[in-house]
Each structure stands twice: as structure tokens, then as C-alpha cells.
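Just so you know, all these numbers are worked out from the coordinates, no wet-lab data involved. Only a predicted model underlies this, so the values are computations on that prediction, with no experimental measurement involved. Please note: Cβ atoms are built from the backbone with ideal geometry, for glycine as well, and neighbour counts cover all protein chains shown.
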Amino acid sequence: MIGRLFSLNNFTPLETERLSLRLPTLEDYPQWVEVRAASQSFLKPYEPTWGETELARFSFRHRVKKARADAAADKAYAFLIFEKGENPQLVGGLNLSNIRRRVAQAGTLGYWVSVDQINKGIMTEAVARVLPFIFDELRLHRAEAACLVDNHRSMRVLEKNGFAREGQAEGYLKIDGKWQDHVLFGLTKERYQTRLTT
């Protein structure tokens, strides 16, 4: 099933009424570098420290290659999020990473949104669209996420999509150059399915 989904040349994007989520291509670089550069100061407190070559074309080429290899191997799925239109506009990104099979059957969500797209419901809509992919297509049992303790916008995205707050982890991830505490969230397939029927 996974091989069929990610025969990479014909992967069908995940779509909503206004958004399209798909794997990155080399042709996305001009939009990607423009959006990421414009959003750098906004994103900086929420991301690992950017390296000197973060926005370089060769770094993006490596991202594209890794995203496609990881998807083909069912390790991770790195989506760019576009707002539909005659000229689709890049508005953010969503990653499903750290996929564990065997007894865990779980993966970790992470996401970012362009500074000019905050408070428009973009990420709530994108996460809602990726959940059936996680539970129905990939057949995982749990989706997990972690938010900085003061990132209330990100917490609302998860809570609106049925994620439960499961605790707080000290020094969980190195973000913006510092080991920082995170609030942990999880959503099981059972809770996801219950939400669909209520």
C-alpha cells in the first residue's frame, strides 16, 4: 500500500477546498526561499537554529531529495502547503516524521506557517486533512506533537483537531539554540474515529 501511495512520480496531493499539500519539488525553491526569508524572525523562536546555508539552493535540493527518499521508505512525509488558485501560493509546511512501525505505529507532527498567513485557519485545516492520511492510508495508531509551553496558537491547532494534552516534558527539544520544555499532545485512531461519528 505504501509503495503504491508513494510511487513518487504520481503521488496525489492531499487537498481541501482551499489548500493542497504535496511533497516538495526543485521548482518550489523560489517561493520557498521567499516565504522562509520573510518569515525568519517570526519562526525563529519556534524552530531549531538556522544554519548559515539554511536558505541556499543546494540546501533546498538536499531537502527535496531527503523528503522523497523518506516518503518512499515510509520514514517521514514532508509536505509543503499551497493555497489553491491560478498561481498557487506557498503558505507553510507540515511534516509527519519519526514514524515508528511494529508495536508503536506512531508518528510525530510538526508544522510552520508563513508570517502573513497566521490566524487564518491554514494550519488547523492542513492538520485536519493530514489526519485521514495518517490513520486511514498509513494505518498508524497514534499521531503525536509537541509545542513550546508558550506557543498557544500551535496548541489550539492541535486541540481543534482532537489532540489531547498528555503532559509536559522538560528540556524536550533544542529550539532557538536552547533546550526547552514542551507540552506533549497525542491523538489515537480510536479518538479520531469517534470524533468523525459525533
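Please report, to one decimal in angstroms, the Kirkwood hydrodynamic radius of the stretch 2-143 built from all distinct Cα-Cα pairs.
Result for the stretch 2-143 stands at 15.7 Å.
Within the chain, what is the number of lysine pairs with alpha carbons under 18 Å apart, leaving out pairs fewer than eight places apart on the same chain?
Summing the qualifying lysine pairs gives 7.
Give me Glu47, Glu125 sorted ascending by neighbouring Cβ count inside 10 Å, so fewest comes first.
So the residues, fewest neighbours to most, are Glu47, Glu125.
If you place +1 on the Cβ of every Lys and Arg, -1 on the Cβ of every Asp and Glu, and leave all else neutral, what size is the dipole of the stretch 62-147 about its Cα centre, to the nearest 20 Debye?
480
For a footprinting-style exposure proxy, rank Ser97, Ser154 by other Cβ within 10 Å, fewest first.
Neighbour counts put them in this order, fewest first: Ser97, Ser154.
If each DSSP helix of 4+ residues adds -39,500 (n - 2.57) and the sum is divided by the residues in the chain, what number results at 222 nm, nearest 500 deg cm²/dmol?
Result for the chain: -9000 deg cm²/dmol, rounded to the nearest 500.
Using a simple charge model, +1 on the beta-carbon of Lys and Arg, -1 on the beta-carbon of Asp and Glu, nothing else, what dipole does the stretch 2-143 show about its Cα centre, in debye to the nearest 20?
660
Please give the length that would be gained between Lys65 and Thr12 if that part of the chain were fully extended, namely 0.36 nm times their separation in residues minus their C-alpha to C-alpha distance (nm, one decimal).
17.3 nm
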